[in-house]
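In what follows, a structure is listed as structure tokens, so that the remarks can point back to it.
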Amino acid sequence: MSEYMYQELLFFCRTFLAGVFLAVCYDVLRIIRKIIVHTSFWMGMEDIFYWCFTGVFLFFVIYTENNGVIRSYALLAIGAGALAYRAGPGKVLLNLAVRLMEKILAPIRKWRKRLKFQWNRVKLFVGKQKIVRDIRECRNEEKKKKKSSKQDCDA
């Protein structure tokens with residue numbers, strides 16, 4: 001095999017792996033979305049960030065590997081790499097990672113709820129104490145005095 005063909009084959013393999021890498025990155029994003037509930041605004045922001053990252057990454061790969069010349073087979077290899085990952089190990093790894101993360105995070109979520117409940121009880125208890133109320137009243141009076149003195153200066 002000639003040196004030129006060998007270099008082109010290496011370029012094809014690297015762009016194929018770039019497609020696999022981008023599919024893995026999007027799966028990480030999907031795992032985060034399944035674990036942490038997002039609004040559509042934040043999902044859109046994540047997608048914009050992902051596609052900006054993808055554009056910069058692909059530009060870097062094509063520029064460094066092929067001196068910026070876009071070849072159709074390079075784009076085909078990127079798409080084929082993403083599809084091969086998605087059709088092969090992608091689905092299995094995604095489901096496995098989500099289940100694993102949910103098992104890890106389930107006790108943390110459970111304890112977080114309990115601790116938050118206790119913390120709210122402590123805040124209620126402390127808030128009802130006479131000393132705390134007196135301190136709040138004193139601070140509110142100080143704020144009112146500062147505010148009124150500012151208004152006097154402005155007039």
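The values are calculated or read from the model by the stated rules, or taken from the named source; none is laboratory data. It should be emphasised that the depicted structure is a prediction, and the values quoted were computed from it without experimental measurement. All Cβ positions, even for glycine, are placed from backbone atoms using ideal geometry, and neighbour counts span all protein chains on display. Side chains included, ligands, DNA and RNA excluded: accessible areas come from the protein's heavy atoms. Shrake-Rupley method; radii C 1.70, N 1.55, O 1.52, S 1.80 Å.
The residues on offer are ALA84, ALA18, ALA23, and the sole one that is touching a Phe, Trp or Tyr at 6+ places or on another chain (Cβ under 6 Å), among the hydrophobic types (A, V, I, L, M, F, W, C) and modelled with pLDDT of 90 or more is ALA23.
Of VAL28, VAL24, VAL37, VAL92, which residue is closer than 29 Å to ARG109 by Cβ, among the aliphatic types (A, V, I, L, M) and in a loop (DSSP other than H, G, I, E, B)?
Details: VAL28 fails: in a loop (DSSP other than H, G, I, E, B); VAL24 fails: in a loop (DSSP other than H, G, I, E, B); VAL92 fails: in a loop (DSSP other than H, G, I, E, B).
Matching residue, one of VAL28, VAL24, VAL37, VAL92: VAL37.
Per-residue answers, yes or no, for (1) modelled with pLDDT of 75 or more; (2) open to solvent by 100 Å² or more (accessible area, probe 1.4 Å); (3) polar (S, T, N, Q); (4) over 33 Å from the mean Cα position of the chain (by Cα):
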position	(1), (2), (3), (4)
ARG112	no, yes, no, no
LYS116	yes, yes, no, no
LEU124	no, yes, no, yes
VAL132	no, no, no, yes
ILE135	yes, no, no, yes
ARG139	yes, yes, no, yes
LYS145	yes, yes, no, yes
SER148	no, no, yes, yes
ALA155	no, yes, no, yes
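Please tell me if LEU105 is at pLDDT 75 or above, surrounded by 11 or more Cβ atoms within 10 Å (Cβ to Cβ), under 19 Å from VAL20 (Cβ atoms) and aliphatic (A, V, I, L, M). Criteria not met by LEU105. Looking at GLY44, GLY19, just one residue is closer than 27 Å to GLY88 by Cβ and under 22 Å from the mean Cα position of the chain (by Cα), and that residue is GLY19.
For segment 62-89, a residue qualifies if it is more than 16 Å from CYS25 (Cα to Cα) and assigned to a helix (DSSP H, G or I), and the qualifying residues are ILE62, TYR63, THR64, GLU65, ASN66, SER72, TYR73, ALA74, LEU75, LEU76, ALA77.
Step by step: first the residues of segment 22-50, then only those that are β-branched (Val, Ile, Thr) and touching a residue at least 60 places away in the same chain (Cβ under 8 Å), then the one that is nearest to TYR85 (Cα to Cα). Which residue is that? It comes out as VAL24. Taking residues in segment 65-78 that are touching a residue at least 12 places away in the same chain (Cβ under 8 Å), and partners anywhere that are open to solvent by 100 Å² or more (accessible area, probe 1.4 Å) and not in a loop (DSSP other than H, G, I, E, B), the pairs with Cβ atoms closer than 8 Å and at least 6 places apart or on different chains are GLU65/ARG14.
Taking only segment 22-42 into account, find how many residues are surrounded by 12 or more Cβ atoms within 10 Å (Cβ to Cβ) and out of contact with any Gly (no Cβ under 9 Å at 6 or more places or on another chain).
Qualifying residue count, segment 22-42: 12.
Of the residues making up segment 66-74, not a single one is under 13 Å from VAL20 (Cβ atoms) and surrounded by fewer than 16 Cβ atoms within 10 Å (Cβ to Cβ).
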